[in-house]
1. Are any residues in the range 212-245 part of a helix (DSSP H, G or I), buried (at least 23 other Cβ atoms within 10 Å of the Cβ) and of a type in the set (A, V, I, L, M, F, W, C), and if so, which ones?
2. Tell me whether the range 118-138 contains one or more residues that are basic (Lys, Arg), without any contact (Cβ under 8 Å) to a residue 24 or more places away in the chain and in contact with a strand residue (DSSP E or B) (Cβ under 9 Å, 6 or more places away or on another chain).
3. Quick one: which of 209, 250, 197 is surrounded by 21 or more Cβ atoms within 10 Å (Cβ to Cβ) and away from the ligand (no atom under 16 Å from the Cβ)?
4. Could you look through the range 11-67, keep only residues that are farther than 30 Å from residue 281 by Cα and of a type in the set (Asp, Glu), and pick out the one that is modelled with the lowest pLDDT?
5. Please specify each residue of the range 150-184 satisfying the condition of being of a type in the set (Gly, Ala, Ser) and within 16 Å of the ligand (Cβ to nearest atom).
6. I'd like to check something: does the range 47-67 contain any residue that is over 16 Å from residue 244 (Cα atoms), surrounded by 15 or more Cβ atoms within 10 Å (Cβ to Cβ) and of a type outside the set (D, E, K, R)?
7. When you look at residue 313, is it surrounded by 14 or more Cβ atoms within 10 Å (Cβ to Cβ) and farther than 30 Å from residue 18 by Cα, yes or no?
8. Do any helices (runs of 4 or more DSSP H) lying entirely in the range 274-383 carry at least 1 residues that are without any contact (Cβ under 8 Å) to a residue 24 or more places away in the chain and of a type in the set (Val, Ile, Thr), and which ones are they?
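The values are calculated or read from the model by the stated rules, or taken from the named source; none is laboratory data. As the structure is a computational prediction, the values presented were derived from the model and not from experiment. All Cβ positions, even for glycine, are placed from backbone atoms using ideal geometry, and neighbour counts span all protein chains on display.
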Amino acid sequence: MSTPYDWLDRNLASIHKANWYRSTQTITSKAGTIATIDGCEMLMFASNNYLGLASDRRLIEAAMSATQMYGTGSTGSRLVTGHLALHEQLEQAIADLKNTEAALVFSSGYLANLGAISAIVGARDLVLGDAYNHSCLKKGSLLSGAKAINYLHLDIADLAAKLQENRAKYRRCLITTDSVFSMDGDLAPLQEIMDLADRYDCMVLVDEAHGTGVFGDRGGGLTNAVGIEQELIQVGTLSKALGSLGGYVAGSAKLIDYLRNRAATWIYTTALSPADTAAAIAAINLVTTEPERRQQLWQNVEFLKQGLQDLGIQAIACDSPIMAIEFGDIELTMQIAQHLRHNGIFAPAIRPPTVPTARIRLTLMATHTTSQIQTLLQCLASV
Ligand code: PMP
């Protein structure tokens, strides 16, 4: 007998057929460079824990004492019962880190982007986004009801042409880009984007998910390292270099005031938990006061970059702790990921539809040792 859910079988079958089926692996160890995954101890080269803060004693202690003081849940949305003194402290710390007037904390980076974009633009507006932007930037544009057009990845000439062709037809225009592209590890030409935005009277939203804590003298992100002075909207996550959970928007005081009144993913959801909030505050403190973590991370980037070059392996980019290597089709890439795994290295294949081409995506942490990176290189050499 047929049921209204039979389409699920057909859909799952087609996902399998395209080799797009995804599954989870179970981790039973603390965040670090060595992880126990499905019962096996492995070297971790896939984590976003860039500075190694997710298991730092000081973050754990901050989370524990916040839990003891406030409890486990924040009990309500920010505008009702969930607004804690801790949230105010965190927002001030983010604004200081990002060099903005104000900041607003969301429950995740994904929700921050959905909420910000859908509040800032609407049906009469235009969003021009890099074709490789993260899913939440793309979904945020769709949710807003604005006309959404992609420009070619990192292609300033294409962005300029699309602005020239479309800008005048719309009321407001928002240009969106990741600062560090999550799957390729390359960097957006932020200054050129800002120059075009000035020329065409556009707002700019930069997703610093992979830039914050990693770039800039104090870890303020790529916007900070590039030294962009103009007004812009910075979005990011607390879950990568900052080792916690949650997202944020940082910008002018009036932007943040507006989002408090218009961003549905902030207004209608439960506030970030005391533990996550306190851990993020502790993380920002360490990001700014312990630059040696960032320096070590960049030394590791250099070491892996050199090692790959010596092996004649070309990564898509070597400009950040994310290095992605394309080996060919999906099946071959999956086999290589499996080979790495058999050799105790966790660096999974990332495949369509997440990315246009299958690749092994490697990410580095400040806490990786030279010998751990050498082990990875030896294993890649055997491939
Ligand atoms: N933007 C980018 C570029 C990301 O890579 C991610 C996380 N994968 C997000 C946003 C979402 O952040 P969060 O995990 O905090 O939802």
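1. Pass one, the range 212-245, residues part of a helix (DSSP H, G or I): 222-226.
Those left that are additionally buried (at least 23 other Cβ atoms within 10 Å of the Cβ): 222-223.
The one that is part of a helix (DSSP H, G or I), buried (at least 23 other Cβ atoms within 10 Å of the Cβ) and of a type in the set (A, V, I, L, M, F, W, C): 222.
2. Yes, the range 118-138 contains a residue that is basic (Lys, Arg), without any contact (Cβ under 8 Å) to a residue 24 or more places away in the chain and in contact with a strand residue (DSSP E or B) (Cβ under 9 Å, 6 or more places away or on another chain).
3. Values: 209 fails: away from the ligand (no atom under 16 Å from the Cβ); 250 fails: away from the ligand (no atom under 16 Å from the Cβ).
After applying the criteria, what remains is 197.
4. Selected residue: 38.
5. Just the residues of the range 150-184 that are of a type in the set (Gly, Ala, Ser), to begin with: 157, 160-161, 168, 179, 182.
Listed by number, the residues that qualify are 179, 182.
6. Initially, the range 47-67 is screened for residues over 16 Å from residue 244 (Cα atoms), giving none.
No: zero hits.
7. On the way: surrounded by 14 or more Cβ atoms within 10 Å (Cβ to Cβ): yes; farther than 30 Å from residue 18 by Cα: no.
When the stated conditions are applied, residue 313 does not pass them.
8. Details: elements: 274-289, 291-311, 330-342, 370-382.
Hits in the range 274-383: 274-289.
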